[in-house]
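Nothing in this text is a laboratory measurement; each read-out follows from the coordinates by a stated rule. On a predicted model such as this, the values are computed, not experimentally measured, just so you know. Ideal geometry is used to build each Cβ from the backbone, glycine not excepted, and the neighbour counts take in all protein chains shown.
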Amino acid sequence: MAARNQPAKAGKQGAQAAGGAQTDVNDERGELDAAAEAVRVIAEAARPDEPSSPEKEAKAEEAEDEAALPPTPPVIIGGVAALATQEIDKATPARTGARAQAVSNTSPLAQRARSAVTGGPTETRNSMHRATKIVATIGPASSNPDILLQMMQAGLDVVRFNFSHGTADDHRQRAEWVREAARQVGREVAIMADLQGPKIRVGKFENNKTMLVAGNTFVLDANCELGNNDRVGLDYKDLPRDLRAGDTLLLNDGLIVLDVTRVIGEEIHTVVKVGGELSNNKGINRQGGGLTAPALTEKDMEDIKTAMSLGADFVAVSFPKNATDMEMARQLANIAGAPYGIKPKMIAKIERAEAIPALQGILDASDGIMVARGDLAVEVGNAAVPALQKRMIRMARESNKLVITATQMMESMIHAPVPTRAEVSDVANAVLDGTDAVMLSAETAAGKYPVTTIETMAAVCVEAEKSEESQLDRDFLDRTFTRIDQSIAMGALFTAFHLGAKAVVALTESGSTALWMSRHWSHVPIFALTPRVGSERTMSLYRNVTPLHLDTNMDRDTALNQALEVVVSKGYAARGDMVVLTVGEPMGQAGGTNTLKIVRVGDHF
């Protein structure tokens, strides 16, 4: 494929190369070309298309011949009987539906060797499983069905539509491509509509740009139509009312700094502190925040309607100041989505300084947050962002909410086929902080290497996750649960961790069981089977959760059989391994999970 630079490595050689490459990347004394080669090899080794080897076939057949382990006795957890069984019914129904992963009819090994991320073969669960999800922005560089398909095969989980650019027809066409590509890879991929928000910008210039010189004066004039060397207009006409002498304005993401000397009517008089080239429509921030522009503009309200018409699963709200902004956005999205049967998940982009003290309220009113480090850094200062990132990720997880880390994660890959060492560390640290997802913006929207960037980011995530100590958070042990389904979810995770289970399988309607489990990192992969397409897409953003489609015509036992078949076919469990299952009885009720079951995979697998 055109976007790929090298053929995939295979078998042991690829895995060994990846291990050696990681050492090179981490060696600060290494040469730059060595680091570049290292990251490339890691990305190649992570590609989900290496074939099964005869050596692996032999090992698998040996495992098939091992003696059966003794049956596991019943286990009691939190007053709930966890039924243990050595065997399940031998009937394993064929999976149906466009989203179902195809299972090979050749050998047991070929069935087990499916990747949990892309459906391609992989060596082992430990070497290739990726818990952290990848969000990527679609734009000119990726608005192509073939490139989108390759991006999904490389590990893309959620596609971001940036509503700051493009028309409604553009977004609608891209949505069709996304759904078709997802059908081809055999899994649901979510769509996130990212609203432009009240981005405060300068107007246009007569010559499209001007050069500001330190020490010179410059006027921001709300009534100016075309700017020149002395002044420029504003798209937010109320900006003069928010400012006073002594304020500092940061233009073009902080590259230009203006000190406000006075405000006269509609004019903001400034002195250039840090100069540079200023072109059309560059952004304006007040250092320390405090601007009163509303979180939702008229354009945003129209874009919400468009997003719902094309079936967006998430709506990201830019520049919310408080919980009220998010509540209003949710109400508008629910109204717009009602004709289509959609209630999207709402993501708050934390970009304003005043959003920090209001963070808990924003979390309570949202389904998740985005650590939008670009505008946030301009308002609070670059040095404050790393600690804020850790705090926001921690608070989101404690609140059972999603969190996405974004902005310039692999910025250099817009033009280069490999990231810098600092970018590799940035992505890895976000993973170690516990983020649900890492996000790519211009790297995939306008960059030269959209597929390679996703491959590289996926490889970095996998390596970072390997280095984490598998320690369950202890905070939930002291909590009192008021919901049975949450109690079962926590009990299943705790049991799987301490029992050494190979996987947790949750049969879920809404996905809430999988969400609660995903808030705690234990290295035990979670598979969530749901009959609802919307829930399947939403769960594609949950850390360490692999969402799968469940046929609505199945009874409980058949569904559990399919669940175990999936885990085994993907290479996460083999004969003799234990798997923890959660299900609701009766099935089909949202929030109805009330049963925890432990099974040992039987001979027939």
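A full extension of the chain between TYR340 and ASP259 corresponds to an added length of 24.3 nm, given 0.36 nm per residue minus the alpha carbon distance. Shown here for region 197-284: GluC sites (Glu not before Pro) in loop regions (DSSP other than H, G, I, E, B) with at most 15 other Cβ atoms within 10 Å, namely GLU206, GLU225.
The largest-to-smallest principal axis extents of the Cα set in region 204-286 are 28, 24, 20 Å. In sequence order, region 301-306 has phi-based couplings of 5, 5, 5, 4, 4, 4 Hz under the Karplus curve 6.51 cos²θ - 1.76 cosθ + 1.60, θ = phi - 60°, and Gly or Pro positions carry x. Put simply, the amide H of GLY227, placed in the peptide plane, has neighbours under 5 Å in LYS204, PHE205, GLU206, GLY233, leaving out anything fewer than 5 places away on its chain. Judged by the mean number of other Cβ atoms found within 10 Å, the most tightly packed of the peptides 441-449, 360-368, 131-139, 514-522 leads the ranking 131-139, 514-522, 441-449, 360-368. Give the share of C-alpha pairs in each 5 angstrom bin for region 117-274, from 0 to the last occupied bin, in whole percents, shortest bins first. Over region 117-274, the share of Cα pairs per 5 Å bin runs 2, 8, 14, 14, 10, 8, 8, 9, 9, 8, 6, 3, 1, 0 percent.
The 3J(HN,Hα) values that the Karplus relation (6.51, -1.76, 1.60; θ = phi - 60°) gives for region 283-299 are, in residue order, x, 10, 10, 9, 4, x, x, x, 7, 9, 4, x, 6, 10, 9, 4, 4 Hz. Gly and Pro appear as x.
Fully extending the segment from THR324 to HIS498 would add 58.5 nm, taking 0.36 nm per residue of separation and subtracting the current Cα-Cα distance. Rounded to the nearest whole Hz, the Karplus-based 3J(HN,Hα) values (6.51 cos²θ - 1.76 cosθ + 1.60, θ = phi - 60°) of region 191-206 follow the sequence 10, 10, 8, 9, 6, 5, x, x, 5, 8, 9, 6, x, 9, 9, 4, with x at glycine and proline. Between amide H atoms placed 1.01 Å from N, distances below 5 Å from THR297 occur with GLY197, all of them 5 or more places distant or on a separate chain. Extent along the principal axes, Cα only, for region 353-405: 28, 17, 13 Å, with the longest axis given first.
Amide H contacts for ALA503 (H built 1.01 Å from N in the peptide plane; partners 5 or more residues away or on another chain; cut-off under 5 Å): VAL580. In plain terms, the chain from LYS237 to ILE484 could stretch by 83.7 nm, reckoned as 0.36 nm per residue minus the Cα-Cα distance.
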